[in-house]
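Undergrad: This structure is in structure tokens; I'll ask about it shortly.
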Amino acid sequence: MLQNQTNEYLHGFSEEEQMRLIAQNKVLSPDIYAWLDLSKSKHLLEIGCGVGAQMIEILKRFPEIKMTGIDLHEAQIIKAKELLGNSGINPTRYELITGNILDSLDIKNEFDDILLVWVLEHVKNPSELLRSGQQYLRKGGKIHITEVYNRSFDLYPASPKILSFWKRMDEFQNSLGGNGQIGIELGNLLCESGFTKIQTHSHPLFFDKTKPERRATFLSYWTELMESSALTMIANNAISKEEWIEVENLMHLIQSDENAIFYYSWIQACGEK
Ligand SMILES: C[S@@+](CC[C@H](N)C(=O)[O-])C[C@H]1O[C@@H](n2cnc3c(N)ncnc32)[C@H](O)[C@@H]1O
């Protein structure tokens, strides 16, 4: 459903968008946590925790972990408190803070690990953010990052209109100060920010008729992701409502094509202090 929204964050902070972050994580988490190893972590800081989608996932997957989540936007933290409160997770295992990691914050803990998922793509100064986060990490502690690499997206049957929308979305994200290709830079950014023992990992999401269920799930999720960006683009006159509806219809057409192929590769990286 189309609704108007105006803000400087590609996806916005509406209730609908907040619930999309939770639904998105249900689709993505098996792949995110296939490479990400938090099994030795006791105390983890998530920078840009949003509405707590990763926190709920991690606190359930790793029953020994305690987590602190910080987010710039109070609306996200209020929703995170509600969702975590309803999750059945013991509230002594987590705390939630509204704040900017770039500011000097009253966080006393030295964390074993820091997590960033889908955050650096939206910020103007990723190296500065990584350096600011590093001060809260104990010596030998690890940082774990998962990020987009939007140029990797491809779809069959080929659809120039969908790919053109995707490119314009990328340009729009750049105009907001973000970077849809940030994933490919993660290793370099961690080097520049003083981390050591850096590892990078490209994670292909490749679904064809041999994986019809996962393909259907992803094509439907991807259409919602695109719509979420399209709403902000429409509100900022970056595309028209009609252009988005045409792209949305093409996405639905591909969803009903038994030969459809979905390809995307995100990038993960970790490093040590
Ligand atoms: C796309 S959301 C990701 C939420 C969550 N990590 C997830 O996977 O669902 C990115 C979040 O990063 C937050 N953020 C961006 N810059 C930040 C900063 N400097 N300090 C704290 N949070 C920040 C935004 O407010 C936004 O809620």
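The values are calculated or read from the model by the stated rules, or taken from the named source; none is laboratory data. Computed from a prediction, not measured in an experiment: that's the story for all the values here. Reconstructed Cβ throughout: ideal geometry from the backbone, glycine too, with neighbour counts over all protein chains shown. Heavy atoms of the whole protein, side chains included, go into the accessibility calculation; ligands, DNA and RNA do not. Shrake-Rupley method; radii C 1.70, N 1.55, O 1.52, S 1.80 Å.
Undergrad: Taking springs between alpha-carbon atoms closer than 10 angstrom, which of 234, 89, 77 fluctuates most in the Gaussian network model of the chain?
TA: Most flexible of the set in this elastic network: 89.
Undergrad: For the chain, what does the helix formula give at 222 nm: sum of -39500 (n - 2.57) over DSSP H segments with n ≥ 4, over the residue count, nearest 500 deg cm²/dmol?
TA: That comes out to -13500 deg cm²/dmol.
Undergrad: Which cross-chain or sequence-distant (5 or more) residues have an amide H under 5 Å from the amide H of residue 49, H modelled 1.01 Å from N in plane?
TA: 70, 71
Undergrad: Cα-based Rg (one decimal) and Dmax (whole number) for region 217-273, in Å?
TA: For region 217-273, the Cα-based Rg and Dmax read 15.2, 49 Å.
Undergrad: Give the angle, between 0 and 90 degrees and rounded to the nearest 10, that separates the Cα long axis of helix 74-85 from the longest principal axis of the Cα atoms of the chain.
TA: Around 80 degrees separate the two axes.
Undergrad: Two decimals is fine: what's Rg over Rh for region 157-236, C-alpha atoms, Kirkwood radius as Rh?
TA: Expressed as Rg/Rh, it is 1.06.
Undergrad: When only alpha-carbon atoms count, how far does the chain stretch along each of its three principal axes, as whole angstroms with the largest first?
TA: 51, 38, 37
Undergrad: I would also like to ask the following. Taking only Cα atoms, what is the 0 to 90° angle, nearest 10, from helix 212-235's long axis to the longest principal axis of the chain?
TA: Rounded to the nearest ten degrees, it is 90.
Undergrad: Hey, what angle do you get for helix 241-255 against the long axis of the chain, alpha-carbon based, 0 to 90 degrees rounded to 10?
TA: 90 degrees
Undergrad: Starting from the 7 Å offset along Cα-to-Cβ, what nm value, one decimal, do you get for the label separation of residue 33 and residue 104?
TA: 3.8 nm
Undergrad: If one puts a single equal scatterer on every Cα of region 118-273 and applies the Debye formula without solvent, what log₁₀ I(q)/I(0) results at q = 0.14 Å⁻¹?
TA: After summing over all Cα pairs, the log10 values are -0.77.
Undergrad: If you average the alpha carbon positions of region 178-208 and of region 55-91, how far apart do those two centres end up, in angstrom?
TA: Going from one Cα centre to the other spans 25 Å.
Undergrad: Same structure, new question: Per residue, what accessible area does the chain have, given a 1.4 Å probe and all protein chains present, in Å²?
TA: Accessible surface, normalised per residue, equals 47 Å².
Undergrad: Take the solvent-accessible surface of the protein heavy atoms, probe 1.4 Å, and return the percent of it on the chain that carbon and sulfur atoms account for.
TA: Details: 6490 of 12730 Å².
So the carbon and sulfur contribution to the accessible surface is 51 percent.
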